[in-house]
Each structure stands twice: as structure tokens, then as C-alpha cells.
Amino acid sequence: MVKHPEKNIWYKPGESVEIACIADGIPKPVYRWKRNEIDFTPSRNDNRVVQLPGQGTLVFNTPEDKDEGIYQCFADNGYGVVVSVQVKFREAKLARFPYEEKKSKLLFSQINVQEENIEVHI
């Protein structure tokens with residue numbers, strides 16, 4: 001395998017993203033993909049997902065929630081099969097941070113201001 005994909009790939013809705021897979025061999029390898037351990041055919045995704053010609057790289061033009069999963073590339077040249085790492089493909093999301101309003105509760109019962117000294121009585 002000449003180019004392995006990253007192990008974790010995060011996408012933002014509306015932005016295209018690639019999962020790289022390039023192998024070399026004689027004869028040239030034929031590529032196939034699995035998503036969640038099931039054969040995955042990019043052409044069955046309304047041109048939202050395409051495989052680049054002559055390589056196994058997948059391009060998600062408009063990734064959606066249903067595209068999330070674990071992907072793996074297989075390159076077979078008839079003499080052997082090379083398998084990529086498993087890729088976790090997920091939408092990049094930020095969870096809401098818990099927010100606690102912290103209120104300072106300083107109650108002053110009496111403040112005396114004199115020439116140079118400030119006295120605070122609590």
C-alpha cells in the first residue's frame with residue numbers, strides 16, 4: 001500500500017472529504033471497500049461518493065450521517081491482497097459544554113471609607 005488512509009477522519013456537512021487508498025503492483029490492483037464489514041460500492045450513493053479512477057481513494061462530495069462508519073480498503077492484483085487500516089469516518093461535532101453560572105455572593109454589611117484606609121466589615 002503506497003498511501004494508507006488516516007485512522008480517524010472527521011467531516012463537516014457540506015464539505016468534501018477524501019479517504020485515501022493507493023497501492024502499486026504489477027498488474028495494477030483492483031480496489032474494493034467495506035463499510036462496517038459489508039461490501040461498499042461508491043456508485044450506489046447518488047454521486048455523493050465517488051472512487052477516483054486508477055486508485056482506491058474515496059471522495060465524499062456531500063457527506064451525510066448515513067455515511068458514518070468504519071471503512072477499509074482492499075487492493076488486489078491477482079497475486080495478493082493488501083488491506084488498509086480501518087478508518088473511523090464521523091461527522092465533526094462539538095457537544096455543548098455544561099454551563100454553570102457562578103455568582104459571587106459578597107455581601108457587605110458596612111463599608112467605612114476614611115482618608116487612607118478602607119475598612120470592610122462582613
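In region 16-59, which residue that is touching a residue at least 12 places away in the same chain (Cβ under 8 Å) and of a type in the set (Asp, Glu) is farthest from Ala75 (Cα to Cα)?
Glu18
I'd like to know if region 89-111 contains one or more residues that are outside any strand (DSSP E or B), surrounded by 13 or more Cβ atoms within 10 Å (Cβ to Cβ) and either at pLDDT 95 or above or not β-branched (Val, Ile, Thr) (or both).
no
The values are calculated or read from the model by the stated rules, or taken from the named source; none is laboratory data. In this text the structure is predicted, and so the values were computed from the model without any measurement. Don't worry about glycine lacking a Cβ; one is built from the backbone with ideal geometry, like all the others, and counts go over all protein chains shown.
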